[in-house]
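J.: Sending over a structure as structure tokens; questions will come in a sec.
The values are calculated or read from the model by the stated rules, or taken from the named source; none is laboratory data. Here the structure is a predicted model, which is why all the values come from computation and not from measurement. Using ideal geometry, Cβ is built from the backbone for each residue, glycine included, and neighbour counts are taken over all protein chains shown.
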Amino acid sequence: MNGKYYITTAIAYASGKPHIGNMYEIVLSDFIARFRRRQGLDVFFQTGTDEHGEKVETKAAAAGVTPKQFVDKVAGEIKGLWDLMNISYDKFIRTTDADHEAQVAEMFDKMLEQGDIYKGSYKGWYCTPCESFWTESQLVDGKCPDCGREVKLSEEEAYFFRMSAYADRLMKYYDEHPDFILPLSRKNEMVNNFLKPGLQDLCVSRSTFSWGVPVKSDPKHVVYVWLDALTNYITGLGYDCRGNCGEKFGKYWPADVHIVGKDIVRFHTIYWPIFLMSLGVPLPKQVFGHPWLLQDGGKMSKSKGNVLYADDLASVFGVDAVRYFLLSAVPYDNDGLVSWELVNETVNGELANVYGNLVNRTVAMTNQYLGGTLCNKGVTEAVDDDLKAVVTGVYEKVCAKVDAYRMSDALADIMAVFRRANKYIDETTPWVLARDESKRDRLATVLYNLAESIVIGSSMLACAMPAACGKALAEFGSEVRDYDKLGQFGLLPDGTRVTDKPEILFGRLKIKEVEEKVEEMNKAKAAAAAAPAETAKKEESAPEGTATLIDIAKFKEVSLRVGHILTAEKVEKADKLLKFTVRVGDEERTIVSGIAKYYTPEEMVGKQVVVVANLKPAKLRGIESQGMLLCAVTADSDVVIVSPEKPVPSGSEVC
């Protein structure tokens, strides 16, 4: 499969830490992006943060910081959470990025010049958390129909977009592109609840707060959140409404799919297409409005106190286990449920008992009975044919499910491979074959078939659990197999050796053990929250840019060494990454760094750099990075490599 594929998530609102329900969308999109890359597509995966608006301005004031300081902190936390969960995004956009803000102002002006935007005044009920205006008739029991919170009567001068002028054109687009909105129920909702009753013109500016992109011709107004936020999907590719678009825009737009929550489908399938029509830009191919992940039968809310966070779950079960749970827990068109108990049941029942146990048993039996060497002796029986049919047929099944965004069903198909392989063990009884020397070739064939089944199944499951599946594949001397070969059985070379000591991929936990871990975690959080007020005051009063103070012992934990760059090259399909071979003393290390925007490979070869030498290795795009290069970041977000003032021996300590 060739061609491009552009996928986006909705950008996270930078008012606070995203909960596990928000994380579902990110992991879902990451699974699709990884799957499309494995199919050979040139994927561009964008996510990021939505950082303007009244709610941010209010929260920043309450925290005693500027809005920019507030969103810098929250955006950093969000990006850190995405990185923790191993999200393979190609661009993390922030709506406070200078190029985005400049283009938003230009787009507003263009729409104003065309007559699509006009000035008026607005009086209505406003929900600050949702940043939405409502008429009296739209309220539910006098509250916001989206979130159920209190609303306030607001009247102000504002600019409006003539939505009604594009309603017929949008309806025609729906008719000509029946799969534009998925699931179908979301499309029916848009047509019946919004388009047929008649579109209201949309408020696209605010003048009662200042945290936003100023309207160039009327700077007391700031561009309202949806016109600002939605346009990230094109500004992130270098779109320029005055005609000087970047190369990425020409290559990747229109988007293949926007992955969004069902609660914001309206904005992405009515407002967004109409904005694009106004700009003369092609519409995205598809919008998938996914269901929610619920706890205690309701949507997660900090005010309700029913919020779970991905990093908390990962600290108990591991990142890949949480990723798997999220993808398996939410059906195509119905909400899913999450709790500590449900995650534990999934880890024990599917990842430990079915997958992990299969890998462990197969490696152990190969070591015990065959000296750790796999070989297909071709001694087959009828039961082998059924196993091979299940294993080689799974790719086409999963492809169809991924194409339809039925990820929980796709995972069920993959797990069916491992369930069938476990059944195959019971059917062939390798421990019995091992007692009969005349059955040795049959034993070798059985264990080879099991290993091949694990390699094919793990290659598909790796999009959900990249780290765990990578470990499982390595135990069979393999990597993720090319997807165009997953329909073939028997590609493991004869003589392949399994690992001597199989690793337990997923440990089983009793629910009591989980509860104890959660209790310890909550106690630690409570202790941190109850830290002496004096410490907080000292930190709050520190000048902007001042770091939290540490003692010399803490600093000495970091080993900084001078390295000499021997080779440098771009990382394939990763625009921001460079791969270096760095000599540090007597050793050579591979280090991956996100500085491709600022340096070419040719510029870096021969440079002396400062390396964080005792950083835990991390995998970036499948490459193990064994350290980090120190850089200085300017106020304008320019990045400069830190180098010694004059040449010094490689490996010299920086202190």
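J.: Exactly one of these conditions fails for Leu184: (1) surrounded by fewer than 21 Cβ atoms within 10 Å (Cβ to Cβ); (2) modelled with pLDDT of 95 or more; (3) of a type in the set (A, V, I, L, M). Give me its number.
T.: (2)
J.: Taking Thr535 as meeting all but one of (1) under 30 Å from Ala329 (Cβ atoms); (2) at pLDDT below 95; (3) among the hydroxyl-bearing types (Ser, Thr, Tyr), write down the number of the exception.
T.: (1)
J.: Further, regarding this structure: Residues that are surrounded by fewer than 19 Cβ atoms within 10 Å (Cβ to Cβ) and not β-branched (Val, Ile, Thr): list the strands (runs of 3 or more DSSP E) wholly contained in the stretch 572-631 that include at least 2 such residues.
T.: Numbers: elements: 578-584, 587-593, 608-612, 618-620, 623-625.
Correct list: 587-593, 618-620.
Results for (1) touching a Phe, Trp or Tyr at 6+ places or on another chain (Cβ under 8 Å); (2) over 29 Å from Tyr174 (Cβ atoms); (3) in a loop (DSSP other than H, G, I, E, B); (4) modelled with pLDDT of 90 or more, shown as yes or no for each residue.
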site	(1), (2), (3), (4)
Thr208	no, yes, yes, no
Gly212	yes, yes, yes, yes
Lys216	yes, yes, yes, yes
Lys220	no, yes, yes, yes
Asp228	no, no, no, yes
Leu237	yes, no, yes, yes
Cys241	no, no, yes, yes
Gly250	no, no, no, yes
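J.: So which residues in the stretch 632-655 are over 19 Å from Lys576 (Cβ atoms), surrounded by 15 or more Cβ atoms within 10 Å (Cβ to Cβ) and not polar (S, T, N, Q)?
T.: Listed by number, the residues that qualify are Gly651, Val654.
J.: Continuing with the same structure: Return the pairs, sorted by first residue and then second, in which the second residue is in a helix (DSSP H, G or I), the first residue lies in the stretch 501-521 and is of a type in the set (Phe, Trp, Tyr), the beta carbons are less than 6 Å apart, and the residues are 6+ apart or on different chains.
T.: Between residues of the stretch 501-521 that are of a type in the set (Phe, Trp, Tyr) and residues that are in a helix (DSSP H, G or I), the close pairs are Phe506/Val347; Phe506/Leu351; Phe506/Ala352; Phe506/Gly356.
J.: I'd like the full set of residues that are surrounded by fewer than 20 Cβ atoms within 10 Å (Cβ to Cβ) and under 21 Å from Asn334 (Cβ atoms), limited to the stretch 267-291.
T.: Those that are surrounded by fewer than 20 Cβ atoms within 10 Å (Cβ to Cβ) and under 21 Å from Asn334 (Cβ atoms): Gln286, Pro291.
J.: Let me ask something else. Please go through the stretch 86-115 and give me each residue that is under 30 Å from Phe317 (Cα atoms) and either crowded, with 20+ Cβ neighbours inside 10 Å or in contact with a strand residue (DSSP E or B) (Cβ under 7 Å, 6 or more places away or on another chain) (or both), ordered by number.
T.: Keep residues of the stretch 86-115 that are under 30 Å from Phe317 (Cα atoms), which gives 86-93.
Listed by number, the residues that qualify are Ile87, Ser88, Tyr89, Asp90, Lys91, Phe92, Ile93.
J.: Filtering the stretch 19-42 down to residues that are closer than 16 Å to Ala310 by Cα and of a type in the set (A, V, I, L, M), which residue is surrounded by the fewest Cβ atoms within 10 Å (Cβ to Cβ)?
T.: Among those that are closer than 16 Å to Ala310 by Cα and of a type in the set (A, V, I, L, M), it is Leu28.
J.: Please go through the stretch 120-137 and give me each residue that is part of a loop (DSSP other than H, G, I, E, B) and acidic (Asp, Glu), ordered by number. It would help to see each step written out before you state the result.
T.: Step one: of the stretch 120-137, the residues part of a loop (DSSP other than H, G, I, E, B) are 128-131, 135.
The one that is part of a loop (DSSP other than H, G, I, E, B) and acidic (Asp, Glu): Glu131.
J.: Yes or no: the stretch 485-499 includes at least one residue that is surrounded by 17 or more Cβ atoms within 10 Å (Cβ to Cβ), in contact (Cβ under 8 Å) with a residue 40 or more places away in the chain and not in a loop (DSSP other than H, G, I, E, B).
T.: Step one: list which residues in the stretch 485-499 are surrounded by 17 or more Cβ atoms within 10 Å (Cβ to Cβ), which gives 486, 489, 492, 496, 498.
From what's left, in contact (Cβ under 8 Å) with a residue 40 or more places away in the chain: 486, 489, 492, 496, 498.
Checking the rest, the ones that are also not in a loop (DSSP other than H, G, I, E, B) come to none.
Scanning the stretch 485-499, I find no residue that is surrounded by 17 or more Cβ atoms within 10 Å (Cβ to Cβ), in contact (Cβ under 8 Å) with a residue 40 or more places away in the chain and not in a loop (DSSP other than H, G, I, E, B), so the answer is no.
J.: Another one. May I ask you to verify whether Gly378 is assigned by TED's automatic domain parsing to the domain that holds Asp436, free of Cβ contacts under 8 Å to residues at least 12 places away in the same chain and more than 25 Å from Ala412 (Cβ to Cβ)? I'd like the intermediate steps shown before the answer.
T.: Values: assigned by TED's automatic domain parsing to the domain that holds Asp436: yes; free of Cβ contacts under 8 Å to residues at least 12 places away in the same chain: no; more than 25 Å from Ala412 (Cβ to Cβ): yes.
In short, no.
J.: Separate question: Being over 26 Å from Asp575 (Cβ atoms) and among the aliphatic types (A, V, I, L, M) is the filter; apply it to the stretch 43-82 and report the residue that is surrounded by the most Cβ atoms within 10 Å (Cβ to Cβ).
T.: Of everything passing the filter in the stretch 43-82, Val56 is surrounded by the most Cβ atoms within 10 Å (Cβ to Cβ).
Okay, residues lined up against (1) modelled with pLDDT under 95; (2) surrounded by 11 or more Cβ atoms within 10 Å (Cβ to Cβ); (3) closer than 21 Å to Val260 by Cα:
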site	(1), (2), (3)
Pro129	yes, yes, yes
Ser132	yes, yes, yes
Lys152	yes, no, no
Tyr159	no, yes, no
Glu189	yes, yes, yes
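J.: Now for a separate question. Name the residue, out of Pro273, Pro254, that is modelled with pLDDT of 95 or more, in contact with a Pro (Cβ under 6 Å, 6 or more places away or on another chain) and either of a type outside the set (D, E, K, R) or part of a loop (DSSP other than H, G, I, E, B) (or both). Full working, then the answer.
T.: On the way: Pro273 fails: in contact with a Pro (Cβ under 6 Å, 6 or more places away or on another chain).
Exactly one residue qualifies, and that residue is Pro254.
J.: Which of the following residues is among the polar types (S, T, N, Q) and either surrounded by fewer than 20 Cβ atoms within 10 Å (Cβ to Cβ) or under 26 Å from Glu437 (Cβ atoms) (or both): Asn360, Asn344? So that I can check it myself, show each step before the final result.
T.: On the way: Asn344 fails: either surrounded by fewer than 20 Cβ atoms within 10 Å (Cβ to Cβ) or under 26 Å from Glu437 (Cβ atoms) (or both).
Just one listed residue meets the conditions, Asn360.
J.: Restricting attention to the stretch 384-420, report how many residues are in contact with a strand residue (DSSP E or B) (Cβ under 8 Å, 6 or more places away or on another chain) and of a type in the set (Lys, Arg).
T.: The qualifying residues number 0.
J.: How many residues are under 30 Å from Tyr5 (Cβ atoms) and basic (Lys, Arg) if we restrict to the stretch 183-238?
T.: Counting residues in the stretch 183-238 that are under 30 Å from Tyr5 (Cβ atoms) and basic (Lys, Arg) gives 2.
J.: Right, another one. Filter the stretch 138-191 down to the residues that are part of a strand (DSSP E or B) and aliphatic (A, V, I, L, M), then identify the one that is farthest from Arg206 (Cα to Cα). Steps first, please.
T.: Taking the stretch 138-191 and keeping what is part of a strand (DSSP E or B), we get 140, 143, 152-161, 181-182.
Subsequent filtering for residues that are aliphatic (A, V, I, L, M) retains 140, 153, 158, 181-182.
Values: Val140: 24, Leu153: 14, Ala158: 6, Ile181: 30, Leu182: 32 Å.
Across the stretch 138-191, the extreme among qualifying residues is Leu182.
J.: List the number of the failed condition for Cys245; all other conditions in (1) modelled with pLDDT of 95 or more; (2) outside any helix (DSSP H, G or I); (3) crowded, with 16+ Cβ neighbours inside 10 Å hold.
T.: Looking at each condition in turn, Cys245 falls short on (1).
J.: What's the total number of residues in the stretch 390-443 that are surrounded by 20 or more Cβ atoms within 10 Å (Cβ to Cβ), small (Gly, Ala, Ser) and farther than 30 Å from Ile181 by Cα?
T.: Residues flagged as surrounded by 20 or more Cβ atoms within 10 Å (Cβ to Cβ), small (Gly, Ala, Ser) and farther than 30 Å from Ile181 by Cα within the stretch 390-443 amount to 1.
J.: Still on this structure, I have one more. For residues in the stretch 367-378 being surrounded by fewer than 16 Cβ atoms within 10 Å (Cβ to Cβ) and in a loop (DSSP other than H, G, I, E, B), which is nearest to the chain's Cα centre (by Cα)?
T.: So in the stretch 367-378, the residues surrounded by fewer than 16 Cβ atoms within 10 Å (Cβ to Cβ) come out as 368, 371-373, 377-378.
Applying the additional criterion that residues be in a loop (DSSP other than H, G, I, E, B) yields 371-372, 377-378.
Working: Gly371: 41, Gly372: 38, Lys377: 43, Gly378: 43 Å.
Ranking the candidates gives Gly372 first.
J.: Do you know which residues across the stretch 434-479 are closer than 24 Å to Gly378 by Cα and either touching a strand residue (DSSP E or B) at 6+ places or on another chain (Cβ under 9 Å) or outside any helix (DSSP H, G or I) (or both)?
T.: Across the stretch 434-479, the qualifying residues are Ala434, Arg435, Asp436, Ala444, Glu475, Phe476, Gly477, Ser478, Glu479.
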